[in-house]
Amino acid sequence: MKWMRTTALTAALAFGTAFGTVQMSAAEEIKIGLLQDFTAVYTFLTGEYNQGQRDYLTLVNEEGGIDGNTFTAIVRDTGNQPQRGIEAYNRAKEEGAILFDFLSTPVSAAILDQADADKRVVITPVHGRGDASDGTVFPYIFPVMSTYWAQAASLIDYMKTSEGGLEGKKIAIVHIDSPFGKEPLPILEALSAQEKFEYQAFPMPRPATSNRRHGPKCAATVPITS
C-alpha cells in the first residue's frame with residue numbers, strides 16, 4: 001500500500017536527522033536496532049516498513065555512507081511484547097546500536113526512560129507516546145510524524161470548524177483496547193471539557209492476527225553494508 005511505503009521511507013529518512021545527536025568518528029559502522037513486531041499485532045505493516053528502512057540504508061551505503069560511515073541494521077522480533085522489547089534493546093545496545101525503532105507503542109513506552117538514561121536515540125513514527133514530542137523532556141525521542149495526540153486534536157478542530165462549534169454535541173471513539181488504541185484518549189478527554197462536548201470511549205478487544213509471512217525466520221543481525 002502507498003501509505004505503508006511512505007511511512008517506511010519517512011522513518012528511514014529520520015535516521016539522518018537523529019544522527020545529529022550522536023558524535024561519531026569517521027569511517028565507523030553505525031548500528032541501528034530495528035526491533036519490531038513481525039509475528040503478533042503488526043504483521044500487516046512491519047514487513048514493508050522494515051524492508052523500506054533496510055533498502056534506504058543499503059542505498060546510503062552504496063553511495064558512500066554519511067561522512068564515510070556505513071550502516072548495519074540489527075533486526076529482531078519483539079512480538080509487540082514489552083519484556084521481549086527490553087531484552088532485545090539491551091542486547092542490541094551491547095552490540096553497539098545507537099538508534100532504535102520499535103514500531104510498537106507498548107515496547108517504546110517501556111524503553112523511553114532507559115533510552116534517555118543511555119542517551120540512545122529512539123524514533124517513534126506512527127507509534128509511541130504523544131508527550132514524547134516535547135523535546136525538552138524527551139531529548140532522545142523523535143516522533144518524526146504527527147503523534148496520536150496531534151491527530152486527535154486535528155480531528156476535533158476539523159469537526160469544530162465544520163459544525164460551527166461542538167458545545168452540546170456527542171463524540172465517540174471506538175478504539176483497540178491496548179496502549180496503542182488508548183493513546184488519543186487523554187487529549188479527547190481534555191478537549192471535551194474545554195469545548196463542552198459529550199465524549200465517550202468504546203474499547204474493543206485487540207484483533208487476532210494470523211498473518212506471519214513477513215516475519216524473519218529467527219532473530220538475526222542483518223548486514224546492510226555491501
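Figures for the structure shown
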quantity: Per-residue HN-Hα couplings for the stretch 102-113 [Karplus 6.51, -1.76, 1.60; θ = phi - 60°; Hz; x = Gly/Pro]; calculated: 9, 6, 7, 5, x, 6, 5, 4, 6, 9, 3, 5
quantity: Two-site label geometry, Gln83 and Ser154: point separation in nm, points 7 Å out along Cα→Cβ; calculated: 3.7 nm
quantity: Estimated distance in nm for a label pair at Glu28 and Asp116, the labels positioned 7 Å out from Cα along Cα-to-Cβ; calculated: 2.4 nm
quantity: Rounded to whole Hz, the Karplus (6.51, -1.76, 1.60) HN-Hα couplings of the stretch 56-69, x for glycine and proline; calculated: 5, 5, 4, 4, 4, 5, 5, 9, x, x, 10, 6, x, 7
quantity: Label-point separation in nm, Glu48 to Glu95, each point 7 Å along Cα→Cβ; calculated: 2.7 nm
quantity: Cα-centred dipole magnitude for the stretch 148-204, charges only on beta-carbon of K, R (+1) and D, E (-1), debye, nearest 20; calculated: 60 debye
quantity: In Hz, Karplus ³J(HN,Hα) per residue of the stretch 81-95 (6.51, -1.76, 1.60; θ = phi - 60°; x = Gly, Pro); calculated: 9, x, 5, 5, x, 4, 5, 5, 4, 5, 5, 5, 4, 5, 7
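Since every read-out is calculated from the coordinates, none of them should be taken as a lab result. Worth saying up front: this structure is predicted, and the values here are computed from it rather than measured. Counting neighbours? That spans all protein chains shown, and the Cβs are built from the backbone with ideal geometry, glycine included.
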